[in-house]
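The structure under discussion appears below in the form of structure tokens.
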Amino acid sequence: MARFASFKRFLFDNSWTIVHPYLMKLLTFPNSESWIAGLIEEWQRAGSSAIDQRGEFFVALSGGSTPAAFYKALAASSWGWSATRLFLGDERDVPLDHKDSNYRMVHESFYPHQVKIERWKTELEDPVATAEDYARRLKNIVCQPVRFDLILLGIGNDGHTASLFPGTTGLEEKHRLTTSVWVPQVEQHRLTFTYPLIKQSRAVWFLANGPSKSPWIQKMVEGTDRSFPASRIECDAEEPKIFFTA
């Protein structure tokens, strides 16, 4: 009970930053405005460092509804986009203009700014071919081995992240950079980065808000349960960060 009590305390005390043995760093914010401001500040720091050292900033974005407000604020910020390349860490196997398309959400969030977004080619109408095509382009555009400067992830209400869902085949992929999976929970094919690709990135940030995410974050921070997909994320370069606002 003491550990859970302290977890509840820092969720509502934005002055706390906690690092735990399983290498997850939690950053909490009192409201969505400070959450967005904190993310933009960290983005500018990470991006400036990448561009200074390597000339470009390669970022994989997360989909879903959580990051949309951050993306819109980032697009309107002073960040210069000429040396930034955006990718998508996962996608639904749907047309580009479909309401569930991650690309559509990202495109609408950054429009009309001139931002380079490398999308999954779902028009191939074959999820295996789409995943293989994206992996080839990652190798050609980013580098070999493919190492992103930053990968953004979410935390689903079932503990999934990217399109790595509980009980699906993508969780066991050990070699490929990308894969296609059938997700019976949503009755849909998904396209996703794999654990190996995420692990070799320079930084991983989880973006989460709302009380429904608190139980998952508690387990990730305390290291009490590594059985769900988000808890198994690792990063070779530094501890993954969780940006959270209740």
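Overview of values
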{"read-out": "Any pair with Cβ under 8 angstrom, 6 or more apart, that starts in region 67-94 at a residue that is free of Cβ contacts under 8 Å to residues at least 12 places away in the same chain and ends at one that is assigned to a loop (DSSP other than H, G, I, E, B) and surrounded by 16 or more Cβ atoms within 10 Å (Cβ to Cβ)", "value": "none"}
{"read-out": "From the options Ile151, Ile155, residue that is surrounded by 15 or more Cβ atoms within 10 Å (Cβ to Cβ), in a loop (DSSP other than H, G, I, E, B) and in contact with a Ser or Thr (Cβ under 7 Å, 6 or more places away or on another chain)", "value": "Ile155"}
{"read-out": "Options Glu123, Glu132; residue that is surrounded by fewer than 18 Cβ atoms within 10 Å (Cβ to Cβ) and farther than 12 Å from Thr178 by Cβ", "value": "Glu123"}
{"read-out": "Selection within region 44-90 - basic (Lys, Arg) and touching a Ser or Thr at 6+ places or on another chain (Cβ under 6 Å)", "value": "Lys72"}
{"read-out": "Check on Pro240, within 25 Å of Val94 (Cα to Cα), at pLDDT 95 or above and not polar (S, T, N, Q)", "value": "no"}
{"read-out": "Subset of region 1-47 (residues that are at pLDDT below 50, surrounded by fewer than 16 Cβ atoms within 10 Å (Cβ to Cβ) and not in a helix (DSSP H, G or I))", "value": "Met1, Phe12, Asp13, Ser15, Trp16, Thr17, Ile18, Val19, His20, Pro21"}
{"read-out": "Some residue of region 157-175 being out of contact with any helix residue (DSSP H, G or I) (no Cβ under 8 Å at 6 or more places or on another chain) and either closer than 22 Å to Ala68 by Cα or basic (Lys, Arg) (or both)", "value": "yes"}
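Residue-by-condition table, conditions (1) among the β-branched types (Val, Ile, Thr); (2) on the phi < 0 side of the Ramachandran plot:
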residue	(1), (2)
Val128	yes, yes
Val142	yes, yes
Leu150	no, yes
Gly154	no, yes
Gly159	no, no
Thr169	yes, yes
Lys174	no, yes
Thr194	yes, yes
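The values are calculated or read from the model by the stated rules, or taken from the named source; none is laboratory data. Nothing here was measured: the structure is a model prediction, and the numbers come from that model. Cβ sites come from the backbone with ideal geometry, for glycine too, and all protein chains shown count toward neighbours.
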